[in-house]
Amino acid sequence: MKEKNVNVLETAQKQVKQACDKLATDPAVYEILKNSMRTLEVSIPVRMDDGSVKSFIGYRAQHNDAIGPFKGGVRFHQNVNMDEVKALATWMTFKCGVMGVPYGGGKGGVIVDPFQLSEGEMERLARGYARAVAPIVGEKIDIPAPDVGTNGQLMAWMVDEHHKTTGKFEPGAYTGKPVSFYGSLARTEATGYGIANIAKNAAEKLGMDISKSTIALQGFGNVGSFTAKYIDELGGKIVAVADHTAGLYNSQGFDIPALAEYAREHRCIKGFTGYESEFPKEEIITYDVDILLPCALENVITVNNANDIKAKLITEGANGPTTIEADEILNKRGILVVPDILANAGGVTVSYFEWVQNLMRYSWTFDEVQQKQEDSMLKAFNDIWNLKEEHGVSMRMAAYMMAIKRVADAMKLRGWY
Ligand code: NAD
């Protein structure tokens, strides 16, 4: 079947190329932006609980720092590879560009199934990663954060290891930290909060009311569970949920606080009893709902299922959930897709607020942070919507056009081309 092994780096490069062509930028712009400026591959030996030593492969990609320090998460997942890390770093450059935060794009990852490690092994791996990337990480150089398989506790260990390795105490070198250790209020919630609000605004543009809409949600980790919380607060009815263990349906809408509590404790949704029926987890994408929220991993909307999607609106919580060819099908079918680089930008936006607070050794209240996030995301949403209308392009194309122009302008002023 076509599109079986879609390379996400090629997807990211094509997205950038299409927008550069549309903007008719100097050819140098795409020449610079198609590659990461710097990449690092490391081997991280970890003492396992049984006394053996296992070596894990880790990566960091630094895509572009024309606007500011590199910024982007660290993923712990068994399918991590260099091309994926480079693609995610590329998307970060443009996500920061969309939001106008003063960063470039970076990303990291380790090939590991975190579900197979004990807490002690996770700590030693996180510390090993921080030691290995310390020469190219710092609060004015490159600022990692949590992504799939990592969390605030791991960021705290990484800050500690960075301190021990470099002799510099730089809490702002990592974001997404626990609130009691230089984290920001409203950071853990930020990505999901943004996705829920963006979905509401996009639904309104289509004349839909989120409180009267049915919703299918893929992924119930950090991003998915907080997206669910805020969708629930907006009155949206989540009738289908899937994660890596199960697909569950409830025609009445799930009891989201109960599901979130269950998922926190068990790290999955399988075994939760508040559902009516089960379905194969891949079928979440084509569920008969008004709104689809992919909040798990990339390449889940492909040529193989794009024609069967019933939702009228897709808000991309995950990075890169839609392949290029699937995107064309969705556009032709008139399904509105709010792209990842806008929809899930709440995480990097509040990471930026966390970093500002760290540099100032100051802290804002939960409501202050959430209000700042909401204001900046609403502005980005409206700017991109207007650009889409003006040029008759998709929201994804409009978002890339806006971001690439900002990065290209900075590169020009710095004399890079
Ligand atoms: P996470 O590790 O907390 O959760 C990942 C979720 O995906 C889990 O619920 C897991 O069960 C699910 N999943 C994995 N494989 C699946 C499959 N085959 N089918 C269905 N579900 C599957 O990770 P996260 O932080 O929630 O990140 C999710 C996505 O959001 C990623 O694409 C990530 O890059 C992106 N993202 C995260 C943040 C952030 O702040 N954490 C910010 C922006 C974007």
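The values are calculated or read from the model by the stated rules, or taken from the named source; none is laboratory data. These numbers come from a predicted model, not from an experiment. A quick note on method: Cβ atoms are made from the backbone with ideal geometry, for glycine too, and the neighbour counts reach across all protein chains shown. Remember, those area values only see protein heavy atoms, side chains included, never the ligands or the DNA or RNA. Shrake-Rupley method; radii C 1.70, N 1.55, O 1.52, S 1.80 Å.
A few points about this structure:
- Checking residue 68 against (1) within 12 Å of the ligand (Cβ to nearest atom); (2) open to solvent by 10 Å² or more (accessible area, probe 1.4 Å), the condition it does not meet: (1)
- Among the residues listed as 234, 248, 217, the single one being open to solvent by less than 20 Å² (accessible area, probe 1.4 Å), farther than 11 Å from residue 291 by Cα and either of a type outside the set (Ser, Thr, Tyr) or without any contact (Cβ under 8 Å) to a residue 40 or more places away in the chain (or both): 248
- In the stretch 273-299, the residues that are closer than 20 Å to residue 78 by Cα and near the ligand (Cβ under 8 Å from one of its atoms): 281, 282, 295, 296, 297, 298
- Residue in the stretch 360-385 that is farthest from residue 171 (Cα to Cα), counting only those that are open to solvent by 60 Å² or more (accessible area, probe 1.4 Å) and among the aromatic types (Phe, Trp, Tyr): 366
- With respect to the stated conditions, residue 233 is within 26 Å of residue 345 (Cβ to Cβ) and out of contact with any Ser or Thr (no Cβ under 8 Å at 6 or more places or on another chain).
- Positions within the stretch 293-343 being under 13 Å from residue 6 (Cβ atoms) and of a type in the set (Ser, Thr, Tyr), in sequence order: 302, 322, 323
- Identification of helices (runs of 4 or more DSSP H) wholly contained in the stretch 300-417 with 3 or more residues that are under 26 Å from residue 102 (Cα atoms), more than 16 Å from the ligand (Cβ to nearest atom) and touching a His at 6+ places or on another chain (Cβ under 9 Å) yields 395-413.
- Qualifying position, being at pLDDT 95 or above and within 15 Å of the chain's Cα centre (by Cα), among 126, 87: 87
- Total residues in the stretch 178-200, condition open to solvent by 10 Å² or more (accessible area, probe 1.4 Å) and either within 12 Å of the ligand (Cβ to nearest atom) or over 16 Å from the mean Cα position of the chain (by Cα) (or both): 13
- Search result, residues across the stretch 168-177 that are in contact with a strand residue (DSSP E or B) (Cβ under 7 Å, 6 or more places away or on another chain) and buried (at least 24 other Cβ atoms within 10 Å of the Cβ): 173, 174, 175, 176
- In the stretch 24-47, the qualifying residues are those that are surrounded by 15 or more Cβ atoms within 10 Å (Cβ to Cβ) and not β-branched (Val, Ile, Thr), and the one that is farthest from the ligand (Cβ to nearest atom) is 30.
- Failed criterion for residue 313 (all others in (1) in contact with a Phe, Trp or Tyr (Cβ under 9 Å, 6 or more places away or on another chain); (2) among the hydrophobic types (A, V, I, L, M, F, W, C); (3) under 18 Å from residue 211 (Cα atoms) hold): (1)
- The set of residues from the stretch 273-299 being crowded, with 21+ Cβ neighbours inside 10 Å and either at positive phi or not in a loop (DSSP other than H, G, I, E, B) (or both) comprises 284, 285, 291, 292, 293, 294.
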